[in-house]
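Engineer: Submitted below is the structure of interest, expressed as structure tokens.
No lab work stands behind these numbers, since they all come straight from the coordinates. For clarity, every value in this text was computed on a predicted model and none was experimentally measured. FYI the Cβ positions are ideal-geometry reconstructions off the backbone, even for glycines, and counts take in every protein chain you see.
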């Protein structure tokens, strides 16, 4: 009798333990909501990072891809009822502009290294997690045909040999293109930049929505030259085997600090914070090797062949000024160019 009672007690304890374990696993499975993200990365690249995040944390992500200017417009339109919690990628000028409109929430990521002061907002409403510089991508067959070297100057882009043969994105849809436009403003002043661009526009084939679209088109010989970020030119042009070369203007070029932000009114705050923290980890930053982006975590590995900012001539790019003045700068461009 005593033995039977003992067996019964053990069985009950075991059942309770199994039930508790199952309950705990169930609670863990339900612990996190699906995180809604807007991203300015190209779809394939964004999915690469997001799949790694989900594998690392178990948090599922619902992603919508748009150019940085389109993300900003969407967040502003949804101000009263936000549909995403995180803005992932895109030049910090666009994030700065969003912060100035009170569209973002402050969050200081949990890091094991010091993030430079110019790589985040003073209130951490945006945080910079990669960098990259504006460069030129040129089709080598075109260069050989015309006996040219790749453009080495902003003035080289005005050469009539490139008439109808240069491509880049609209400054109001693309963070890449806006960084290019802001770079020329900083170098020449607004009126000087408008005058220069009016001449430059004579050589344009067309403007696109996406900042990286011109790279493959230059690779396919559909245009001679494109303007984009160096990491995109490497990852989507040179490393894909396209007959293109990367060059930088000798007078200096602008650069981006790519941002990640939590959208004001975020519905998945805890998940958003975990995501932002993760983007700065060595695990996440090492993923940039595939796309030649420059990580900000000093312990991360830089891709072979990637162009470090210290390797090229940079202007003293004022991202805050150009972020705050984005609407006025874009309006001036559209008014002059009529596009």
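Engineer: In Å, what Kirkwood hydrodynamic radius results for the range 81-239 from the alpha-carbon pair distances? Let's see the in-between values first.
Structural biologist: Numbers: mean 1/r = 0.0579 Å⁻¹.
Averaging 1/r across every pair of different Cα atoms and inverting gives 17.3 Å.
Engineer: Please give the length that would be gained between residue 299 and residue 199 if that part of the chain were fully extended, namely 0.36 nm times their separation in residues minus their C-alpha to C-alpha distance (nm, one decimal).
Structural biologist: That works out to 31.6 nm of additional length.
Engineer: On to the next question. Please compute the length gained on full extension between residue 141 and residue 34, using 0.36 nm multiplied by the number of residues separating them and subtracting their Cα-Cα distance.
Structural biologist: Values: separation 107, 0.36 × 107 = 38.52 nm, distance 4.74 nm.
Once the chain is fully extended between residue 141 and residue 34, it gains 33.8 nm.
Engineer: Ignoring everything except DSSP H segments at least 4 long, calculate the 222 nm mean residue ellipticity for the chain; use -39,500 (n - 2.57) per segment, divide by total residues, nearest 500.
Structural biologist: For the chain, the value works out to -12500 deg cm²/dmol.
Engineer: Same structure again: Calculate the FRET efficiency for residue 335 and residue 313 from the Cβ-Cβ distance with a Förster distance of 35 Å, rounded to the nearest 0.05.
Structural biologist: So, using R0 = 35 Å, E works out to roughly 0.70.
Engineer: From Cα pairs below 8 angstrom and at least 6 apart in sequence, can you work out the relative contact order of the chain, rounded to a whole percent?
Structural biologist: Answer for the chain is 24 percent.
Engineer: Which angle from 0 to 90°, rounded to the nearest 10, does the C-alpha axis of helix 190-200 make with the longest principal axis of the chain?
Structural biologist: 70 degrees
Engineer: How high is the FRET efficiency from residue 222 to residue 44, r the C-beta distance, R0 22 Å, rounded to 0.05?
Structural biologist: 0.60
Engineer: In Å³ and rounded to a whole number, note down the convex hull volume per residue for the Cα atoms of the range 191-339.
Structural biologist: It comes to 161 Å³ per residue, whole-number rounded.
Engineer: Continuing with the same structure: Take each of the peptides 159-165, 256-262, average the number of other beta-carbon atoms within 10 Å over its residues, and list them starting from the highest. List each step's numbers first, then the result.
Structural biologist: Details: 159-165: 13.7, 256-262: 27.7.
Most protected by this proxy first, the peptides run 256-262, 159-165.
Engineer: Considering only C-alpha atoms, what is the centroid distance from the range 56-73 to the range 176-246, in Å?
Structural biologist: The distance from the Cα centre of the range 56-73 to that of the range 176-246 comes to 24 Å.
Engineer: Full-extension gain between residue 320 and residue 155, please, as 0.36 nm times their residue separation minus the C-alpha to C-alpha distance.
Structural biologist: Additional length available on full extension: 56.8 nm.
Engineer: Then there is this: Which angle between 0 and 90 degrees, to the nearest 10, do you get for helix 68-77 versus the longest principal axis of the chain when only C-alpha atoms count?
Structural biologist: Orientation of helix 68-77: about 60 degrees from the principal axis.
Engineer: Another question about this same structure. Does anyone have the angle between helix 175-188 and the longest principal axis of the chain? Alpha-carbon axes, 0 to 90°, nearest 10?
Structural biologist: Approximately 40 degrees, to the nearest 10.
Engineer: For the chain, just run the numbers: alpha carbon Rg, then divide by 2.2 N^0.38 Å, N being how many residues it has.
Structural biologist: Dividing the Cα Rg of the chain by 2.2 N^0.38 Å gives 1.19.
Engineer: Averaging sequence separations of C-alpha pairs under 8 Å and six or more residues apart, then dividing by the length of the range 194-281, give the relative contact order as a whole percent.
Structural biologist: Details: 44 pairs, mean separation 15.4, N = 88.
Once divided by the residue count of the range 194-281, the mean separation gives 18 percent.
Engineer: Could you give the radius of gyration (one decimal) and Dmax (whole number) of the Cα atoms in the range 163-244, in Å?
Structural biologist: When restricted to Cα atoms, the range 163-244 yields Rg and Dmax of 12.7, 40 Å.
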